[in-house]
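None of the figures in this text is laboratory data; all of them are computed from the coordinates on show. All figures in this text were calculated on a predicted structure; none of them were measured in a lab. Please note: Cβ atoms are built from the backbone with ideal geometry, for glycine as well, and neighbour counts cover all protein chains shown.
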Amino acid sequence: MKTTRSAVMLAVALGASGLALAAVSPEQAARLGKDLNCVGGEVAGNAEGTIPPYTGKYLGEVPGWKHVKFSGDQPVDPYADEKPILVITAANMSQYEAHLTEGQKALLKKYPTSYKMNIYPGHRDFRYPDYVCKRVMSNALNARLVNDGLGIEGLGQVPFPIPQNGMEVLWNHQLPARAWTEEKISDLASVLPNGSIGWGRAHARNLSQANSPTVEPNTADGVQAMSYNTTLKPARDNGVISIAHEPYNFVTSSRQAWSYSPSTRRVRQMPGYGYDQPMIGTNGTMTVDEDRLFNGAPERYTWKLLGKREIYSPANAFRANSAAYKYSDILTPNHPNPEVMRYELRRVWVVEADLKEGFRHVYGKRVLFIDEDTWNAVMADNYDARGQLWKHAMINYYYHPDMSGWQAGSQFFMDLNSGQYTGYGMTNEAKKGPILNEGKYSPDMYTADAARAVGR
């Protein structure tokens, strides 16, 4: 396993237990925008030249994608003409295993004739707006963990760009720079080993106050994000509405959630919503707290920083989310079609979550791989209560001009035991792609009364 020296020293110094509650020094913070990009990624490439330097030469544009803001047009791949520089298969994986996760190696071994990884040249060409960089600098100097890491104080985007422990890395993933408002219709596919598919569809209208481009977010506001999801498929669940509020501090304010049923025209509160409750329509391949690979309260696990590794990760995944590929092209038996996926060698922070004694969850251990330039978890390896590798998951992120940031595209959750998997958050065949940062939502739309109004 290749780990950067600085990350190893940091992890050793901190040990597996204590949390550093203080912000970094002004001298450390001054590295942002210099040898670190404005959100904390190393500007330099690696010594081998297989990871390029960060350029950040594009802001709010993608070459070749003539995007009209808030139009919902589908992504266009700026790297469509590139060919793989390497193809990893079961036959040659031993040469590259230092750059693979345990889940990736398990997939290569389990499906030696159908699974492979196409590796492309790396690109680090897109950047965030200046207002994001200013907030991240403020966080570097002022943000801190509170309540044993179950809450934070600071501004809402990337609270710990120079992290000191696993909990800080996790909060960067919980609060990256992402869409302020999001509207999309996305599809869910539960793919059985024989190739048959169960379908779901949802209309999402989300509001993340932590990412407002005009109002500086502050954790004192209490709520970081709100979601409003209407089920469209399957037919039996058509019209079901779920609303949720996500706090900055899971001790002082737990996640609030409500559900509206069109059959009864009633709204009920859903206490304890999240954790390992099965995601509807996924045949058990996905839990509620697996959306974006991890979400919600971190209280059930201890979060250990393992350091930083160079891993072949899904990256610049414009093609996997474009309308050029239909679901029939993507959803092959046992795993998504490898020809549609794009992997690059990237530096990722590795965080291990171990289930605490006295707590329950279907996953006894989770390992998250979090991209250094975006703070989004791009892959996860999940283990059962016996410590056996159970599932591998990945997200295809791409840069979106609407918000000048990274959008979570299709997510895939693969059960290594049963051979079934779930494709989640897919928009390839939607009439419109995501519409981001249009700013047409307000907090009063995310209440139990707002859900009740639907049935009147």
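How would you rank 185, 330, going from fewest to most other Cβ atoms within 10 Å of each one's own Cβ? Mind showing how you got there, number by number?
Details: 185 18, 330 22.
With the fewest neighbours first, 185, 330 line up as 185, 330.
Taking neighbour Cβ counts within 10 Å as the exposure measure, how do 250, 369, 359 sort from fewest upward? Each step should come with its number before you reach the end.
Details: 250 17, 369 23, 359 10.
By the 10 Å Cβ count, ascending: 359, 250, 369.
In the range 23-76, which GluC sites (Glu not before Pro) fall in coil by DSSP and have 13 or fewer other Cβ atoms within 10 Å?
For GluC sites (Glu not before Pro) across the range 23-76 that sit outside H, G, I, E and B with at most 13 neighbouring Cβ atoms in 10 Å, the list reads 48.
More than 25 Å apart: what percent of Cα pairs in the range 77-217 qualify?
Of the Cα pairs, 58 percent sit more than 25 Å apart.
Calculate the FRET efficiency for residue 418 and residue 130 from the Cβ-Cβ distance with a Förster distance of 60 Å, rounded to the nearest 0.05.
FRET efficiency, residue 418 to residue 130: 0.80.
Towards the positive end of the charge dipole of the chain, with charges on Cβ (+1 Lys, Arg; -1 Asp, Glu), say which of 100, 238, 256 has the farthest Cα.
238
Neighbouring Cβ atoms within 10 Å as the yardstick, rank 83, 69, 116 fewest first.
Fewest to most other Cβ atoms nearby, the residues stand as 83, 69, 116.
Subtracting the Cα-Cα distance from 0.36 nm times the residue separation, let me have the gained length for residue 268 to residue 218 in nm, one decimal. Can you show the working numbers first?
Details: separation 50, 0.36 × 50 = 18.00 nm, distance 2.97 nm.
Additional length available on full extension: 15.0 nm.
What distance in nm separates the simple spin-label points at residue 79 and residue 50, each placed 7 Å from Cα in the Cβ direction?
Computed distance between label sites residue 79 and residue 50 equals 1.5 nm.
What would the Debye formula give as log10 I(q)/I(0) at q = 0.25 Å⁻¹ for the alpha-carbon point model of the range 385-433, no solvent?
At q = 0.25 Å⁻¹ the computed log10 ratios are -0.95.
When Rg is the radius of gyration of the Cα atoms in the range 138-209 and Rh is its Kirkwood radius, what does Rg/Rh come to?
1.19
Report the one residue of 362, 65, 37 whose Cα lies farthest in the direction of the positive end of the charge dipole of the chain (charges on C-beta: Lys and Arg +1, Asp and Glu -1; origin at the Cα centre).
Farthest along the dipole direction, towards plus: 362.
Taking all pairs of distinct Cα atoms, average 1/r, flip it, and tell me the Kirkwood hydrodynamic radius of the range 20-96 in Å to one decimal place.
So the Kirkwood estimate lands at 16.9 Å.
Please tell me the relative contact order of the chain in percent, rounded to the nearest whole number, where contacts are Cα pairs under 8 Å and at least six residues apart.
Across the chain, relative contact order equals 20 percent.
Could you give me the ³J(HN,Hα) list for the range 343-357, computed from phi with Karplus coefficients 6.51, -1.76, 1.60 and θ = phi - 60°, whole Hz, x at Gly and Pro?
Ordered by residue, 3J(HN,Hα) equals 10, 10, 6, 10, 8, 10, 7, 10, 10, 9, 10, 10, 4, 6, 4 Hz.
Average projected area of the Cα convex hull of the range 254-327, in nm²? Kindly include the intermediate steps, with their values, before the conclusion.
Values: hull surface 35.3 nm².
With every direction weighted equally, the projected area is 8.8 nm².
Pairs 116/326; 69/326; 83/134; 304/391; 308/432; 233/391: which are spaced more than 31 Å apart, C-alpha to C-alpha?
83/134; 308/432
Determine, from the Cβ-Cβ distance of residue 27 and residue 432 and an R0 of 41 Å, the FRET efficiency 1/(1 + (r/R0)^6), rounded to the nearest 0.05.
0.30
Out of every Cα pair in the range 74-149, what percent are spaced more than 17 Å from each other?
Roughly 67 percent, once rounded to a whole number.
Using only the Cα atoms of the chain, what are the Rg and Dmax in Å?
20.7, 63
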